[in-house]
Amino acid sequence: MLEIRDIDVGYGGLRVLQEFSIRIARERPAAVLGTNGAGKTTLCRTLSGLLPVRRGQILFDGEDVTALGSAERVRRGIVQVPEGRQVFPEMSVLDNLRLGAFVHGEPSREEIAEVHALFPILAERSRQNAGLLSGGEQQMLALGRALMTRPRLLILDEPSQGLAPKAVDQVGEAVRRIAARGVAILLVEQNLALAEMVAEHAFILETGRCVRDGPAAELLSGDALAKSYLGI
Ligand SMILES: Nc1ncnc2c1ncn2[C@@H]1O[C@H](COP(=O)(O)OP(=O)(O)OP(=O)(O)O)[C@@H](O)[C@H]1O
Ligand SMILES: [Mg+2]
């Protein structure tokens, strides 16, 4: 589904991702775990076509998408839920959802109903301004908005950020429901509990390099070395 081959990405003189390679299969939700500054957001933005690679290749369903712009990647189904959720606080919950459908034009009632079925809270609060939602609810809205874009691969940049453990659990449940609908998941996180909930395969990102990977159950729960990479 997604193959990242040996990419280098940086800012000016700063090299962030270095010879970074991972492969992700649709049926195995994946997590990339890294601490603050490891390069998580840089990876997400690179996959979305918002940052250029200096070296290496990104393949999506066997096609080279390295040179494609962000709009074309979204059309192909590479969709990101950005760090900090980025909902529009002064717009209604419903209008935030509608925005997600912009690539395909005005969303159908069915599409909105489907997202409402997945996240009932978004139906209940439909007319309210998104800024009035709690952090966890805003994350649901960000997920719902991304679903309106009809993703084939959903990239999640630290959805646990700023959330209490209970809200993190709810996000985990929501991501599992999305994965069960056949959407490939790449969760980029430092929250081990969320990664354990969602991922079948995990990669450890340390200062821009993938230093380990393996089945999430082994790598994240039992492995003291992996935990030491994450500083916990
Ligand atoms: N626009 C930028 N210009 C210059 N340096 C940047 C820029 N964005 C990020 N960096 C640097 O790149 C490195 C990786 O940043 P990145 O935001 O990808 O990390 P992160 O893993 O997402 O961290 P966090 O957990 O804090 O979100 C850091 O050293 C950061 O200071
Ligand atoms: Mg980040």
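Observations, loosely collected:
- Of the set (1) hydrophobic (A, V, I, L, M, F, W, C); (2) surrounded by 19 or more Cβ atoms within 10 Å (Cβ to Cβ); (3) within 16 Å of ligand 1 (Cβ to nearest atom), all apply to Val211 but (2).
- Boolean, Arg85 is in contact (Cβ under 8 Å) with a residue 24 or more places away in the chain, more than 16 Å from ligand 2 (Cβ to nearest atom) and in contact with a helix residue (DSSP H, G or I) (Cβ under 9 Å, 6 or more places away or on another chain): no
- Every pair of residues 6+ apart whose Cβ atoms lie under 8 Å, when the first sits in segment 13-39 and is at positive phi and touching a residue at least 40 places away in the same chain (Cβ under 8 Å) while the second is within 16 Å of ligand 2 (Cβ to nearest atom) and hydrophobic (A, V, I, L, M, F, W, C): Gly39/Val9; Gly39/Val16; Gly39/Leu17; Gly39/Phe20; Gly39/Leu205
- Qualifying residue in segment 70-91 (condition: more than 28 Å from Thr42 (Cβ to Cβ), surrounded by fewer than 22 Cβ atoms within 10 Å (Cβ to Cβ) and more than 15 Å from the chain's Cα centre (by Cα)): yes
- Only residues that are farther than 23 Å from Ala217 by Cα, crowded, with 19+ Cβ neighbours inside 10 Å and not aliphatic (A, V, I, L, M) were counted in segment 1-38, giving 0.
- Looking across segment 180-209, the residues that are more than 21 Å from Gly162 (Cβ to Cβ) and of a type in the set (Asp, Glu) come down to Glu200, Glu206.
- All conditions in (1) at pLDDT below 95; (2) touching an Asp or Glu at 6+ places or on another chain (Cβ under 9 Å) hold for Ala174, with the sole exception of (2).
- Ile58 more than 16 Å from ligand 1 (Cβ to nearest atom) and not charged (D, E, K, R): yes
The values are calculated or read from the model by the stated rules, or taken from the named source; none is laboratory data. Nothing here was measured: the structure is a model prediction, and the numbers come from that model. Cβ sites come from the backbone with ideal geometry, for glycine too, and all protein chains shown count toward neighbours.
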